[in-house]
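For reference, the structure discussed in these notes is given below.
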Amino acid sequence: MSVETGQPAPDVALPTDGGGHVSLPDLTGKAIVLYFYPKDDTPGCTKEAIAFKESLADFEAAGAVIVGVSKDPVAKHDKFKAKYDLPFVLASDAEGDVCERYGVWTEKNMYGKTYMGIARTTVLIDRDGVVRQVWPKVKVPGHAEAVLEAVRALG
């Protein structure tokens, strides 16, 4: 299954860095930037996280929260977050349930080998829990800015 614009966002209830927990109902009333990324502390994922970090004040001013999701364990998220001083929540979907419900757990191909992994995807959820935009197969340069523009357009 994958999410589509206009449908209610599938719930997310996951452990987070720092021993926390995140759930979509807990974030009702705010726009949610839910970004799925393959792996902590890899070049593309680090660039994406830093881009969101650098724009965080603008996202917050627009009434949005950012939540990063990968299958990495919480302990790895803690190290990644500390290394780059990331100021937003990183959630661990170790079992892959949320990735499956959002349709981001897909077959990938690198150097002629196929494997399963997270397709870099961002989902914008409005204050009422409805999916407003989906960016599949994200290319990092300029992505945080495009998401911020969409958050601002929500009003």
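The values are calculated or read from the model by the stated rules, or taken from the named source; none is laboratory data. This structure is a prediction, so every number in the text was calculated from the model and none was measured. Using ideal geometry, Cβ is built from the backbone for each residue, glycine included, and neighbour counts are taken over all protein chains shown.
Here are the numbers for this structure:
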| quantity | calculated |
| --- | --- |
| Test: residue in region 13-20 that is in contact (Cβ under 8 Å) with a residue 12 or more places away in the chain and closer than 22 Å to residue 145 by Cβ | no |
| Pairs with Cβ under 6 Å, 6+ apart, first in region 38-49 and over 19 Å from residue 136 (Cα atoms) and touching a residue at least 60 places away in the same chain (Cβ under 8 Å), second surrounded by 21 or more Cβ atoms within 10 Å (Cβ to Cβ) and acidic (Asp, Glu) | none |
| Any chance residue 91 is at pLDDT 95 or above, small (Gly, Ala, Ser), assigned to a helix (DSSP H, G or I) and out of contact with any Lys or Arg (no Cβ under 6 Å at 6 or more places or on another chain) | no |
| Some residue of region 67-81 being closer than 24 Å to residue 153 by Cβ, surrounded by 13 or more Cβ atoms within 10 Å (Cβ to Cβ) and in contact (Cβ under 8 Å) with a residue 60 or more places away in the chain | no |
| Where a residue in region 118-135 is on the phi > 0 side of the Ramachandran plot and its partner, wherever it lies, is among the β-branched types (Val, Ile, Thr) and modelled with pLDDT under 95, with Cβ under 9 Å and at least six apart | 129/28 |
